[in-house]
Amino acid sequence: MFPGEVYIRRRRALVERLGHGLVLLPGHRESPINAPDNCYPFRQDSTFLYYIGVNQPGLAALVDVDQDTTTLFGDDLTLDDIVWTGDRPTVAERAEAAGILRTRPWDALRETVAAAAGVGRDVAYLPPYRAETVLLLIDLLQRGPEEVRRGASAELIRVVVHQRSAKASEEVAEIERAVEVSVAMHEAAMRMARPGASERGIAAEVSRIAEASGGRTAYPVIATVEGQTLHNHTHVHTLREGDLFLLDAGAETDCGYAGDLTSTFPVSRDFNERQRDVYEIVLTAYRRSIAAVAPGVSYRDVHFVAARAIFEGMVDLGIMRGDPEEALAAGAHALVFPHGVGHMLGLDVHDMESLGEDHVGYAEARRSTQFGLRSLRLARPLETGFVITIEPGIYFIPRLIAEWKARGRCARFIDYEAIERWSDLGGVRNEENFLLTDGGARRLGPRKPQTPEEMRVVRDTGP
C-alpha cells in the first residue's frame, strides 16, 4: 500500500473531474473454490485498489463528490474470526491508512444508497465483472441484472480511464519491481528448459519465484512448446531436443502492479537455422516498434510498423509476396501475426480491461472488423506516462493456414505450399514493458536476455 497521501490525491482528482454525484466503488469478497471456507487467493478489484488501496475482502467505498468525502463500509472481525485468522487492523485503521476519516458498518451501505435515491441522487458505478458484484448492485439499487449491467456510468468510465492511464512515479516504480521479478522468472525458465524437462515443472518454478517475491503471478502462466496457441495454459508436454519453448509470464507486486514479459528460446542449446530466421524477424519487428513509439503516435501505426517488418521477413523466407502496403491493407500478415503489438499495463496486465477495451485502447478511433486488426487492444494515440507492452510475434497455426488456403484468402500475397512447410515450427514472441516519455519509450526494469547469444549465456549457468 502506498502512503495515504497518494490515495487522497487520486480521489481528489476523481472528484474534480466528475464535479457532482455519488460514486460507489465495491471491493471484492472472498471467492469460494468448493466451499465457503476454502477460497481462491484473494485479489482486490483494481479500481478499488487505485482509489482506496485497502487489500481486504468485504469492503466498499462511497465517494460523495458534492461533499468531497469518502466513506469506507465494512465490518471488523469478530472474536470467532480472529481465532481462525489472527487479529487484523480494524476497518477504521485501514481507512485511516488510506486517508479516509469516515467508516460505517457494511449493513449501512444499503440504507445510505437508499437515502441517496430517495432525494434523487444517482449512484455512479463501473461495469461489474464478477457475479457477486452484480448481486450486490441488484440489492443496493433495486434493479434487475440487465439494468444493472446497462447502468454503468459512461462518464465515470471515461474519468477513471483518463486518470489511470498515465502512471505516476510511484506506479512506475512498482511496475519496475514487477518486471525485475519477471526477468528472474524468465531466466529460471531458460536454465530449466532442457530435453526431458516438463512444462508444468517450469511453470511451477516461475510461479514460485513470483510468490517468493511477496506477490504472485499477474496472470496464468503460458509455458509451452506449442507457442502457436496464443493463450496456451496447458502444461502437459515433456520438452524434446529441437523444440522451441515460449514463456509468457509476469509477476504482480503486493500493491497489485503487473509485469508482462514473453521469451522464446530453444530447448536445444541453440536455435536451428529455421528457428533463428523466424526469431530474428520477430526481433526486427520488436526493435522497429520501439523506435516508432512516441507521444502522439497512434499505436495502430506502431502495430503496422511491426506487421510490415514481419511481412518483409516472410517475403525473405519465400512464404509471402507482393506489395507490402497492399498486403497489409488486405490483412495478409495476420495469418502469422493475428494479435496486436501490445496493450496498456498497470494494475491489470491488460490494464483496465474490465472497463471495456474500446474505452481504454481506442479513444476516438474505431475498432476494425478485419481478422487480426480487430484484436488490437490498443490503437489510440500514445501519451506521456502510458505504460505499454511491445510484443510482436510469428505463429504457424496449422488449422488457420488450412482454413485460409481452402478459402483462397489473400492468395495474391501468400504461398500456401511454402508456409505449409513451416507449419511445425510453432510460435515465437518477444515482449517487454515500456514507459512513454517525452523522448519516446523507456524500457522498464532490467533487460531480460533477448538475443540468442544472451540467452545462451544464461542457459549455460543452469543445471
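The values are calculated or read from the model by the stated rules, or taken from the named source; none is laboratory data. This one's a predicted model, so the numbers in the text were calculated from it and none came from an experiment. Cβ coordinates were reconstructed from backbone atoms using ideal geometry, including for glycine residues, and neighbour counts include every protein chain displayed.
Observations on the structure shown:
- Any hit, the range 279-300, residues being assigned to a strand (DSSP E or B), farther than 30 Å from ALA212 by Cα, under 24 Å from the mean Cα position of the chain (by Cα) and at pLDDT 95 or above: yes
- From the list ARG459, ARG429, ARG380, ARG442, the lone residue that is modelled with pLDDT under 95 and in contact with a strand residue (DSSP E or B) (Cβ under 8 Å, 6 or more places away or on another chain) is ARG459.
- Top-ranked residue in the range 413-439 [being part of a loop (DSSP other than H, G, I, E, B) and of a type in the set (A, V, I, L, M, F, W, C); ranked as nearest to PHE245 (Cα to Cα)]: LEU425
- The one condition in (1) touching a residue at least 60 places away in the same chain (Cβ under 8 Å); (2) loosely packed, with under 12 Cβ neighbours inside 10 Å that PRO36 fails to fulfil: (1)
- Meets criteria (within 21 Å of the chain's Cα centre (by Cα) and polar (S, T, N, Q)) for THR384: yes
- Every pair of residues 6+ apart whose Cβ atoms lie under 9 Å, when the first sits in the range 376-387 and is in the same structural domain as LEU230 (by TED's automatic domain parsing) and in contact (Cβ under 8 Å) with a residue 40 or more places away in the chain while the second is among the β-branched types (Val, Ile, Thr) and part of a strand (DSSP E or B): LEU378/ILE388; LEU378/THR389; LEU382/ILE388; THR384/THR437; GLY385/THR437
- Residue match in the range 408-415 (condition: at pLDDT 95 or above and touching a strand residue (DSSP E or B) at 6+ places or on another chain (Cβ under 6 Å)): yes
- Residue list for the range 142-197, filter: among the aliphatic types (A, V, I, L, M) and assigned to a loop (DSSP other than H, G, I, E, B): ALA152, ALA166, ALA168, ALA193, ALA197
- Some residue of the range 233-253 being outside any strand (DSSP E or B) and farther than 19 Å from GLU199 by Cα: yes
Listed here are the residues, each with its yes/no results for (1) modelled with pLDDT under 95; (2) over 17 Å from ARG10 (Cα atoms); (3) not assigned by TED's automatic domain parsing to the domain that holds ASP66.
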| site | (1), (2), (3) |
| --- | --- |
| LEU109 | no, yes, no |
| ALA115 | yes, yes, no |
| VAL119 | yes, yes, no |
| VAL134 | no, yes, no |
| ARG158 | no, no, no |
